[in-house]
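Asker: Take this structure, written in structure tokens, and hold onto it; I'll ask about it next.
The values are calculated or read from the model by the stated rules, or taken from the named source; none is laboratory data. As the structure is a computational prediction, the values presented were derived from the model and not from experiment. Cβ placement follows ideal geometry from the backbone for every residue including glycine, while neighbour counts extend to all protein chains displayed. Accessible surface areas use protein heavy atoms only, side chains included; no ligands, DNA or RNA. Shrake-Rupley method; radii C 1.70, N 1.55, O 1.52, S 1.80 Å.
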Amino acid sequence: MPPMLEIRDLYVQVEGKEILKGVNLTLPVGQVHAIMGPNGSGKSTLAAVLAGREDYEITKGEVLYMGRSLLDLDPEERAREGIFLAFQYPVEIPGVTNMYFLRAAVNAIRKHRGLPELDAMDFLALVREKLRLLHMDEALLKRSVNEGFSGGEKKRNEILQMAVLEPRLCIMDETDSGLDIDALRVVADGVNSLRSPDRSILVITHYQRLLNYIIPDQVHVLLDGRIVRSGTKELALELEAKGYGWLERELTVSKL
Amino acid sequence: MPTDTATITQLTQREYEWGFYTDIEEEKVPKGLNEEIIRTISRLKGEPEWLLEWRLRAYRHWLTMEEPRWLPNIRYGQIDYQDIHYYAAPKRRKPLASLDEVDPEIRRTFEKLGIPLEEQKRLAGVAVDAVFDSVSVATTYKEKLRELGIIFCSFSEAVREHPELVRQYLGSVVPYNDNFFAALNSAVFSDGSFVYVPPGVRCPMELSTYFRINARETGQFERTLIIADRGSYVSYLEGCTAPMRDENQLHAAVVELIALDEAEIKYSTVQNWYPGDKEGRGGIYNFVTKRGACRGRRSKISWTQVETGSAITWKYPSVILQGDDSVGEFYSVAVTNNYQQADTGTKMIHIGRNTRSTIVSKGISAGHGQNTYRGLVKIMKGAAYARNYSQCDSLLIGDKCGAHTMPYIEVRNATARVEHEASTSKIGEDQIFYCRQRGLSTEDAVNMIVNGFCKQVLLNLPMEFAVEAQKLLGISLEGSVG
């Protein structure tokens with residue numbers, strides 16, 4: 001079985017500036033990997049490129065998703081093929097209820113997979129089951145997408161969408177940013193409930209604390225556009241204790 | 001990978017679906033405008049002397065008026081008023097005894113437009129008056145309404161059958177000398193709809209008029225007059241389409257609404273006249289005067305409009321709040337794409353005590369479209385405790401279009417309360433990307449965002465129309481993002 005995601009020597013520029021400088025990463029099926037790195041290291045760029053965001057110029061390298069080339073697909077095709085990005089800053093869509101939005105998304109994906117579309121009743125049953133699983137309130141469905149949501153509510157809404165859309169590959173872009181410890185735990189519980197042998201999760205984060213709740217199989221450190229070290233969850237703890245400066249210094253020394 | 005700027009340059013490129021022309025023998029008066037033409041129109045319609053006199057007074061006044069050219073955001077070519085046919089009617093041999101005698105070609109035209117005229121196929125719960133060029137060709141459900149005392153017929157028929165009502169109310173809200181286009185309409189108006197709802201009667205179905213401009217080089221000048229007597233209620237809808245043509249055609253209608261004590265009129269419009277092509281050639285000049293008078297205490301008039309068509313739209317459905325405790329509402333969605341221009345809004349004139357008005361305007365501009373909200377809220381001296389709330393939101397798609405908001409507020413009573421809120425936003429690449437990341441196409445994403453933006457207004461449309469309006473919004477904006 002090919003890995004869920006394979007990134008090979010990926011170089012990416014934004015407005016002429018090189019952000020990713022040869023990223024290599026393999027995420028096997030069923031595993032949870034974390035990418036850690038300081039601000040400006042290219043974490044969010046990597047998430048955006050995987051989701052198909054335009055305005056990012058790929059100058060070199062390739063990305064394979066379940067063995068097939070990913071980079072030529074439109075964002076919606078990637079989504080329908082099972083890639084889900086939990087946004088760092090979820091967008092507000094005034095006047096469109098969460099319920100309507102989610103059903104449209106579910107049906108777009110079902111249609112792509114040759115499944116019949118869900119009617120309002122079937123959809124409600126599905127979404128209620130997920131809400132129960134995530135201990136979330138049904139009132140959320142009637143509100144406009146992310147409009148007037150607190151930071152925590154927005155992130156939980158992303159997890160709800162993830163649960164309903166049942167993706168194969170989840171990319172979580174700094175889902176922990178701006179969350180207090182209680183909200184963090186709720187979000188982490190949600191993610192953990194979605195772990196499964198045929199689903200892979202890529203957790204992108206600045207801080208180690210999220211990884212106390214979502215235990216990764218592997219941790220990769222992204223520094224200045226490259227993965228400079230990979231290891232087990234202990235690597236995250238080491239980073240927490242010593243700071244990113246420790247790795248930066250070590251890398252400079254080894255280059256000398 | 002293409003950049004997202006390209007994404008936001010396209011969502012409006014579907015062809016106008018209603019642009020076909022019906023080949024039918026028509027009776028037209030010669031081009032041009034003079035007293036003789038007006039006498040001819042009046043004679044063709046078999047009108048009484050007083051109405052001819054009224055037309056002539058309007059015409060003579062019109063001659064003294066200047067065509068308005070003062071709107072800064074509206075540009076249009078010279079209209080040659082002598083180069084228009086002021087009356088065109090499908091030729092018929094004898095008066096129609098029943099709907100079944102409607103010319104099959106015209107019947108097919110309305111069927112193509114989704115407005116069946118046959119008894120068995122009629123829209124459930126909607127009575128339709130179909131206006132083809134200058135005349136009303138069919139009115140459905142007439143008998144059923146008559147049992148309740150409701151009069152719903154063509155304007156011409158009302159002049160024949162109910163002259164006292166027409167004479168009493170015609171021009172009482174929009175006088176013939178009100179403005180340039182209203183004066184022109186008063187001189188040459190050909191047909192339209194007439195509604196009278198007797199005291200205490202709640203009209204059980206939606207009344208609807210469907211306007212179709214078919215003939216070349218004609219103008220459409222219809223007049224609608226709706227009277228809701230004490231304690232009555234009526235909901236009225238109008239829809240409109242026209243063939244695609246390279247030249248501009250003039251549509252200058254007048255609508256007058258009168259609500260007596262505790263009466264309520266709900267007037268909804270889905271305007272889809274031909275908007276012109278992508279380069280801005282052709283399309284309808286939609287210069288209409290719509291005004292309602294809340295004459296009675298606790299009366300209510302509510303305008304809801306979805307304006308997606310026309311090269312230029314120029315209309316301000318207004319309410320004169322005369323009766324104490326009367327209520328005026330204006331809910332509007334106006335879309336301009338390609339080279340369309342819209343200058344629309346409302347006037348709420350508060351005269352009575354405790355009068356209330358609400359204005360919700362949603363303008364959407366795409367392509368090179370220019371969209372202006374222009375509204376007046378006027379609180380007169382006697383309007384103690386009057387209240388107004390206005391909300392004007394603009395949505396921009398792309399960077400070549402424009403949105404303008406011009407509220408005018410005049411308050412002459414210190415107890416009044418007037419609130420105005422305005423916002424302008426751009427459909428963001430972030431919003432579109434978010435939707436696409438959830439599996440939606442760009443087009444579906446924009447549709448969804450636009451419909452969400454317009455929701456407050458669409459909610460006020462009767463169900464059948466709301467669905468049609470949503471589809472229309474999608475079509476009107478197709479290709480503006482891509």
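Asker: Return the residues of segment A:116-139 that are part of a helix (DSSP H, G or I) and closer than 22 Å to A:A183 by Cα; say none if nothing qualifies.
Answerer: A:V127, A:R128, A:E129, A:K130, A:L131, A:R132, A:L133, A:L134, A:E138, A:A139
Asker: Sticking with this structure for a sec: When residues of segment A:49-70 are filtered for being of a type in the set (D, E, K, R), away from chain B (no Cβ under 12 Å) and over 19 Å from A:R168 (Cα atoms), how many remain?
Answerer: Of the residues in that region, 2 qualify.
Asker: I've got another one for you. Mind listing whichever residues of segment B:425-446 are modelled with pLDDT of 85 or more and either assigned to a loop (DSSP other than H, G, I, E, B) or open to solvent by 50 Å² or more (accessible area, probe 1.4 Å) (or both)?
Answerer: Once the filter is applied, which keeps residues that are modelled with pLDDT of 85 or more and either assigned to a loop (DSSP other than H, G, I, E, B) or open to solvent by 50 Å² or more (accessible area, probe 1.4 Å) (or both), segment B:425-446 yields B:D430, B:R438, B:G439, B:L440, B:S441, B:E443, B:D444.
Asker: If we keep just the residues of segment B:166-185 that are among the hydrophobic types (A, V, I, L, M, F, W, C) and not in a helix (DSSP H, G or I), which is nearest to B:I320 (Cα to Cα)? Outline the logic, then answer.
Answerer: Of the residues in segment B:166-185, the ones among the hydrophobic types (A, V, I, L, M, F, W, C) are B:166, B:170, B:173-174, B:180-184.
Filter once more, keeping what is not in a helix (DSSP H, G or I): B:170, B:173-174.
On the way: B:L170: 16, B:V173: 9, B:V174: 11 Å.
Among those residues, the one meeting the criterion is B:V173.
Asker: Examine segment A:108-115 for a residue that is more than 8 Å from chain B (Cβ to nearest Cβ) and assigned to a helix (DSSP H, G or I), and state whether such a residue exists.
Answerer: The initial filter retains those residues of segment A:108-115 that are more than 8 Å from chain B (Cβ to nearest Cβ), namely A:110-111, A:113-115.
Then drop every residue that is not assigned to a helix (DSSP H, G or I), which leaves A:110-111.
Scanning segment A:108-115 turns up at least one residue that is more than 8 Å from chain B (Cβ to nearest Cβ) and assigned to a helix (DSSP H, G or I).
Asker: Taking only segment B:312-336 into account, find how many residues are open to solvent by 10 Å² or more (accessible area, probe 1.4 Å) and not in a loop (DSSP other than H, G, I, E, B).
Answerer: The total comes to 5.
Asker: Could you tell me whether segment B:269-281 includes any residue that is basic (K, R), surrounded by fewer than 24 Cβ atoms within 10 Å (Cβ to Cβ) and modelled with pLDDT of 95 or more?
Answerer: No, that holds for no residue.
Asker: Further question on the same structure: Could you pull out every one of the helices (runs of 4 or more DSSP H) wholly within segment A:147-256 that has 1 or more residues that are closer than 18 Å to A:L85 by Cβ and touching a helix residue (DSSP H, G or I) at 6+ places or on another chain (Cβ under 8 Å)?
Answerer: A:151-165, A:181-193
Asker: Additional query: Exactly one condition in (1) within 14 Å of chain A (Cβ to nearest Cβ); (2) in a helix (DSSP H, G or I); (3) closer than 23 Å to B:T269 by Cβ is not met by B:F465; state its number.
Answerer: The number of the failed condition is (1).
Yes or no, residue by residue, for (1) within 22 Å of A:Y65 (Cβ to Cβ); (2) within 14 Å of chain B (Cβ to nearest Cβ):
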site	(1), (2)
A:E158	yes, yes
A:T175	yes, no
A:I181	no, no
A:D198	yes, no
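Asker: Something else about it: Let me confirm something: among A:L133, A:L179, A:L184, A:L140, which residue is surrounded by fewer than 19 Cβ atoms within 10 Å (Cβ to Cβ) and free of Cβ contacts under 8 Å to residues at least 60 places away in the same chain? Walk me through how you get there before you give the answer.
Answerer: On the way: A:L133 fails: free of Cβ contacts under 8 Å to residues at least 60 places away in the same chain; A:L179 fails: surrounded by fewer than 19 Cβ atoms within 10 Å (Cβ to Cβ); A:L184 fails: surrounded by fewer than 19 Cβ atoms within 10 Å (Cβ to Cβ).
Among A:L133, A:L179, A:L184, A:L140, only A:L140 is surrounded by fewer than 19 Cβ atoms within 10 Å (Cβ to Cβ) and free of Cβ contacts under 8 Å to residues at least 60 places away in the same chain.
Asker: Separate question: Being more than 15 Å from B:S441 (Cα to Cα), of a type in the set (A, V, I, L, M, F, W, C) and open to solvent by 40 Å² or more (accessible area, probe 1.4 Å) is the filter here; which residues of segment A:50-84 pass it?
Answerer: Within segment A:50-84, A:I58, A:M66 qualify.
Asker: Also, I was wondering about something else. If we keep just the residues of segment B:299-317 that are in contact with a Gly (Cβ under 7 Å, 6 or more places away or on another chain) and modelled with pLDDT of 90 or more, which is nearest to B:F189 (Cα to Cα)?
Answerer: Step by step, filter segment B:299-317, then rank; the result is B:Y316.
Asker: A follow-up question, please. Quick check on B:S235: is it in contact with a Lys or Arg (Cβ under 7 Å, 6 or more places away or on another chain), at pLDDT 90 or above and surrounded by fewer than 24 Cβ atoms within 10 Å (Cβ to Cβ)?
Answerer: Considered against the rule, which asks whether it is in contact with a Lys or Arg (Cβ under 7 Å, 6 or more places away or on another chain), at pLDDT 90 or above and surrounded by fewer than 24 Cβ atoms within 10 Å (Cβ to Cβ), B:S235 comes out as yes.
Asker: Let me ask you something else. Can you say whether B:A414 is open to solvent by 20 Å² or more (accessible area, probe 1.4 Å), over 27 Å from the mean Cα position of the chain (by Cα), farther than 30 Å from A:R168 by Cα and not β-branched (V, I, T), as far as the supplied structure shows?
Answerer: In short, yes.
Asker: Would you mind telling me which numbered condition in (1) part of a loop (DSSP other than H, G, I, E, B); (2) surrounded by 24 or more Cβ atoms within 10 Å (Cβ to Cβ) B:R298 fails?
Answerer: (2)
A quick yes/no check of all residues on (1) assigned to a strand (DSSP E or B); (2) surrounded by fewer than 19 Cβ atoms within 10 Å (Cβ to Cβ):
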residue: B:V360; (1), (2): yes, no
residue: B:I364; (1), (2): yes, no
residue: B:G367; (1), (2): no, no
residue: B:N371; (1), (2): yes, no
residue: B:K381; (1), (2): no, yes
residue: B:N388; (1), (2): yes, no
residue: B:S394; (1), (2): yes, no
residue: B:G398; (1), (2): no, no
residue: B:A403; (1), (2): yes, no
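Asker: Okay, moving on. Quick one: is A:G95 open to solvent by less than 50 Å² (accessible area, probe 1.4 Å), at positive phi and either over 17 Å from the mean Cα position of the chain (by Cα) or in contact (Cβ under 8 Å) with a residue 40 or more places away in the chain (or both)? Outline the logic, then answer.
Answerer: Details: open to solvent by less than 50 Å² (accessible area, probe 1.4 Å): yes; at positive phi: yes; either over 17 Å from the mean Cα position of the chain (by Cα) or in contact (Cβ under 8 Å) with a residue 40 or more places away in the chain (or both): yes.
So A:G95 passes the test.
Asker: What is the one condition in (1) buried (at least 22 other Cβ atoms within 10 Å of the Cβ); (2) within 11 Å of chain B (Cβ to nearest Cβ); (3) in a helix (DSSP H, G or I) that A:L46 does not satisfy?
Answerer: Just one mismatch for A:L46, condition (2).
Asker: Of all residues in segment A:104-122, count the ones that are surrounded by 15 or more Cβ atoms within 10 Å (Cβ to Cβ) and free of Cβ contacts under 8 Å to residues at least 24 places away in the same chain.
Answerer: Counting residues in segment A:104-122 that are surrounded by 15 or more Cβ atoms within 10 Å (Cβ to Cβ) and free of Cβ contacts under 8 Å to residues at least 24 places away in the same chain gives 4.
Asker: Here is a further query. How many residues does segment B:413-445 hold that are touching a strand residue (DSSP E or B) at 6+ places or on another chain (Cβ under 7 Å), touching a residue at least 24 places away in the same chain (Cβ under 8 Å) and either facing another protein chain (nearest Cβ under 8 Å) or polar (S, T, N, Q) (or both)?
Answerer: 4
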